[in-house]
C-alpha cells in the first residue's frame, strides 16, 4: 500500500491532523470556517446564527449593518456571504441586501451546515435525520463493499476495526472517533458507488458532532465495536449479506442510542 493510501495518512486526511479528533473539514463551502482570517470569524458567528433560526428565513441582512456588527470591511462581509450563498443559505440582491433563504433550499449535506445545526437547539432532530440517512445508505454500501473492496481496503478495514477495539478498551473517545470516521469512510468508498463515497464527509460530521456534544455513552459500546470487527471480516470474506446485515445493526444501535441520549 502506498504511503498516500496508508491507514495513517487516510486518518490524517479524515481528521485534519494526525493527532486531532476534531471535525472533518475540506469542502468548498467549508473553506471559510477551516482556516483563519476575518471572514472565517464572520462565518463562525453568522452561519450558526442563520442555522439556529436567530435570522429566520426571509430576514434581510444589510451589508452595512453586518460591517458594523462584526467590525470588518465590506470586502470581508462579501467573502463570507459568498460562502453562505454557495451553501444556499442566503441570496444577495442589489438594492435589497442579503436575504436568508427558506430552509427547504439549504444545502443540508454541506458539512459546515451540519456542524452548525448540530451545535444548536435543533441537535436531536438533526442527529436523528442524519442517522436515519446512514441507516438507509451504509448497510447497502457495506454489502457492495464486500463485492468491490480491493485488498488494501480490506486490510485497512481490519486494522481500523482493531484500533477501534483498542481505543474502546482504553475508553479513549478521541482516538475511537478518528478510527470510527475512517472506518465508515472506507466502507463508503469501497462500495464503488461515487454517490455513496461523497457522503463520507456527512457521516464524519455526524460521528464527530455526536462525540463533541456528548450524545454518546462515556465509553464505546463493546457490542458496537464487535459489530465493526465483524463487518470488516464479512467484507474481507466477500459475504455481502452478512456485511449489510451487520452494518444495519450498527446503524439501528446508533438510533437506539439517540432515543436514550437525545430523545
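The values are calculated or read from the model by the stated rules, or taken from the named source; none is laboratory data. The structure displayed is predicted, hence computed values, not measured ones. A quick note on method: Cβ atoms are made from the backbone with ideal geometry, for glycine too, and the neighbour counts reach across all protein chains shown.
Observations, loosely collected:
- Top-ranked residue of the range 75-107 - restricted to ones that are in a loop (DSSP other than H, G, I, E, B) and at pLDDT below 95, ranked as farthest from the chain's Cα centre (by Cα): 95
Okay, residues lined up against (1) crowded, with 20+ Cβ neighbours inside 10 Å; (2) within 24 Å of the chain's Cα centre (by Cα); (3) part of a helix (DSSP H, G or I):
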site	(1), (2), (3)
50	yes, yes, yes
53	no, yes, no
116	yes, yes, yes
125	no, yes, yes
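- The range 202-215 residues that are free of Cβ contacts under 8 Å to residues at least 40 places away in the same chain, paired with ones that are assigned to a helix (DSSP H, G or I) (beta carbon under 6 Å, 6 or more apart): 207/180; 207/181
- Helices (runs of 4 or more DSSP H) contained in the range 174-247 and holding at least 2 residues in contact with a helix residue (DSSP H, G or I) (Cβ under 8 Å, 6 or more places away or on another chain) and closer than 14 Å to residue 140 by Cβ: 194-197, 222-236
- Residue check for residue 72: in a loop (DSSP other than H, G, I, E, B) and not assigned by TED's automatic domain parsing to the domain that holds residue 235: yes
- Every test in (1) within 17 Å of residue 108 (Cα to Cα); (2) modelled with pLDDT under 95; (3) assigned to a helix (DSSP H, G or I) is passed by residue 39 save one, and that test is (1).
- Flag for residue 223 being more than 18 Å from residue 115 (Cβ to Cβ) and surrounded by fewer than 18 Cβ atoms within 10 Å (Cβ to Cβ): yes
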